[in-house]
1. How large is the accessible surface of E99 in square angstrom, using a 1.4 angstrom probe and rounding to the nearest 10?
2. Could you go through the stretch 106-114 in sequence order and give the Karplus-derived ³J(HN,Hα) for each residue, using 6.51 cos²θ - 1.76 cosθ + 1.60 with θ = phi - 60°, rounded to whole Hz, and x for Gly and Pro?
3. Can you compute log10 of I(q)/I(0) for the stretch 47-158 with the Debye formula, treating each Cα as one identical point scatterer, at q = 0.12 Å⁻¹?
4. Could you run the Debye sum over the Cα atoms of the stretch 73-128, one equal point scatterer each and no solvent, and tell me log10 of I(q)/I(0) at q = 0.24 Å⁻¹, two decimals?
5. Which percent of Cα pairs goes in each bin when the distances of the stretch 40-113 are cut into 10 angstrom slices starting at zero?
6. Pairs to check: K112/K146; K104/K158; K95/K158. Give those whose C-alpha atoms are more than 27 Å from each other in this structure.
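The values are calculated or read from the model by the stated rules, or taken from the named source; none is laboratory data. Keep in mind it's a predicted model, so treat the numbers as computed, not measured. Side chains included, ligands, DNA and RNA excluded: accessible areas come from the protein's heavy atoms. Shrake-Rupley method; radii C 1.70, N 1.55, O 1.52, S 1.80 Å.
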Amino acid sequence: MLTHLLLRSFCQAAAKVNRRSYPALGSVFRDFTTSSPKCGAASDSASVVTYTQLKIMLSNHDVQLFDVRNPDEYQAGHIQDAVNIPLGSLEESLKLSPEHFQQKFDVKAPGKDDDNLVFHCKSGNRSAKALDIARQLGFSRVRHYKGGYSEWAEREGK
């Protein structure tokens, strides 16, 4: 309980620092708060892509979209241009060399500093886990589509 309380206080203090004009310290705290699940990494608004944002990214061909659902779910329906990498094999897949990644998935391997890397699943739970896995591997600017395929299908009338 005390640990939770202290961590929560630290997260609140870090958020205040981020709002101030201390760019050097702010970035350190921001990195901590967005990489620590205790501080709500996956719920951090900077980590979330909305339906509208994803539509724009797709229309501009400016997204590396990875569907972390199981292959049968993907086959039943998926967002255009999404590449299926099931959550269970995500870590191993992101560790592949760029050549092997491209050979296996037929797309360019994501870079650790890419800001257009987006995960999605059915409803946001698995993509939040994918977000944490990718961050632990050094993909610092990765995001997820929290609404998932459920929201996408509903809004697209599928």
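1. Per-residue accessible area (E99): approximately 130 Å².
2. 6, 9, 4, 5, x, x, 5, 9, 4
3. Per q value, in the given order, log10 I(q)/I(0) is -0.35.
4. -1.18
5. Per 10 Å bin, starting at zero, the Cα-Cα P(r) for the stretch 40-113 comes out as 17, 44, 37, 2 percent.
6. Working: K112/K146 21 Å; K104/K158 29 Å; K95/K158 34 Å.
Result: K104/K158; K95/K158 exceed 27 Å.
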